[in-house]
1. When all protein chains stay in place, what accessible area (Å², nearest 10, 1.4 Å probe) is found for residue 38?
2. What value in Å³ per residue do you get for the convex hull of the alpha-carbon atoms in the chain?
3. Over the Cα atoms of the range 199-244, what is the Rg over Rh ratio if Rh follows Kirkwood?
4. Can you tell me the Rg and Dmax of the range 90-133, counting just the alpha carbons, in angstroms?
5. Rounded to whole Å, give me the distance from the Cα center of the range 241-260 to that of the range 166-204.
6. May I ask for the percentage of alpha-carbon pairs in the range 1-105 that lie more than 17 Å from each other?
7. Counting each pair of different Cα atoms once, what's the Kirkwood radius of the range 78-192 in Å, rounded to one decimal?
8. Keeping the other protein chains in place, figure out the carbon and sulfur percent of the accessible area of the chain, with a 1.4 Å probe.
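The values are calculated or read from the model by the stated rules, or taken from the named source; none is laboratory data. All of these numbers come straight from a predicted model, not from anything done at the bench. What goes into the accessible areas is simple: the full protein's heavy atoms, side chains included, and nothing from ligands, DNA or RNA. Shrake-Rupley method; radii C 1.70, N 1.55, O 1.52, S 1.80 Å.
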Amino acid sequence: MSSELILGVETSCDETAAAVVAGGTEVLSSVVSSQVDLHARYGGVVPEVASRAHVELLTPVIAQALVEAGVEGRDLTAVAATAGPGLVGSLLVGVSSAKALSLVWDLPFIAVNHLEAHLYSAFLEEPALELPLVALLVSGGHTQIIVMDGHGSYRVLGQTVDDAAGEAYDKVARYLGLGYPGGPLIDRLAMDGSPMIDFPRPMMDSDYDFSFSGLKTAVINHVRKNPDVAVEDVAASFQEAVVDVLVTKARRAARDVGAKAITLGGGVAANSRLREAILEACVDDGLQGFVPSRSLCTDNAAMVASVGWYRLQSDGPSPLDTGADPNLRLPVTI
Ligand code: KG4
Ligand code: ZN
């Protein structure tokens, strides 16, 4: 394994993160400073608050990542930062800092796509994943089924036509008065409930696209009509409907494209029921199934450094006038 060291920087949303990764897969340090407490009182991420917090937190977070890895700036091979998609003010903090450090240390700068980074959390822990694979990318902002044919070679087979899966978790949790972010709270509550309510499985019969907005409305209507329903059962039933749709479509995609493996990425990939169900499906279908550790599913900079390493080999450094792009798309092959 190459000992090339990449410093990764991640500030696309509400986690300020920095990591040092050797040779694309060996995590020497991964520091994540969550701003969740700052945003919880507003029930969601406030972009201006997030950017200001990144400005305060990023320098100490990078310093800690270097110390924990036992390296200094001059030991590094390159500095990689998430350039999009995400909140533009937040992205700018990470991109500007990474460029400044690359100039000071005279190192290449690499602009990283946040969605590609979520895909690479699987490769960080299991570099021997078989290709082609189907990745289910499920976060607060995205829900996509991606076919990965090779490193840097992707096709998007389907995506949500309205809310992302994580957004649905967050909105249902807010309606139930659980707090923010909703995903982990519903996940925990669902463990004490039973999936007895038969919520709709939207767009189950159409190819690979998703819709979660109607499911959220169905949950709200059910609770309005049945005010005494146990919140644990609502959580478990909602979660079962989401996971059922996600897993059914990922399996269908894997079968249709002849994939050898299925992986998960993004914050919702931390969900207990989804992790269990996708692995069961892979066993049934004779596929390699791999779910990254929870800490690598939610936003972190180790996945950014990993993509930075692969992209440095394939494309070389990014120009220093590369900007932050809040709407950056995954680079697809067709
Ligand atoms: O990938 P991520 O950290 O940030 C984005 O790029 O969006 O994903 C955050 C999303 C939130 O919607 C959060 O509620 C959801 O991931 N999430 C979960 C769980 N942990 C985080 N959803 C379901 N179950 C979980 N355990
Ligand atoms: Zn993310």
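1. Ignoring ligands and nucleic acids, residue 38 comes out at about 70 Å².
2. Working: hull volume 41.3 nm³, N = 334.
So the per-residue hull volume is 124 Å³.
3. On the way: Rg = 11.3 Å, Rh = 11.2 Å.
Using Cα coordinates only, the ratio equals 1.01.
4. Rg, Dmax (Cα atoms, Å): 14.2, 40.
5. 21 Å
6. On the way: 2707 of 5460 pairs.
Result: 50 percent of Cα pairs exceed 17 Å.
7. Details: mean 1/r = 0.0606 Å⁻¹.
After inverting the pairwise mean of 1/r, the radius is 16.5 Å.
8. Numbers: 6960 of 13470 Å².
Of all accessible area on the chain, carbon and sulfur atoms account for 52 percent.
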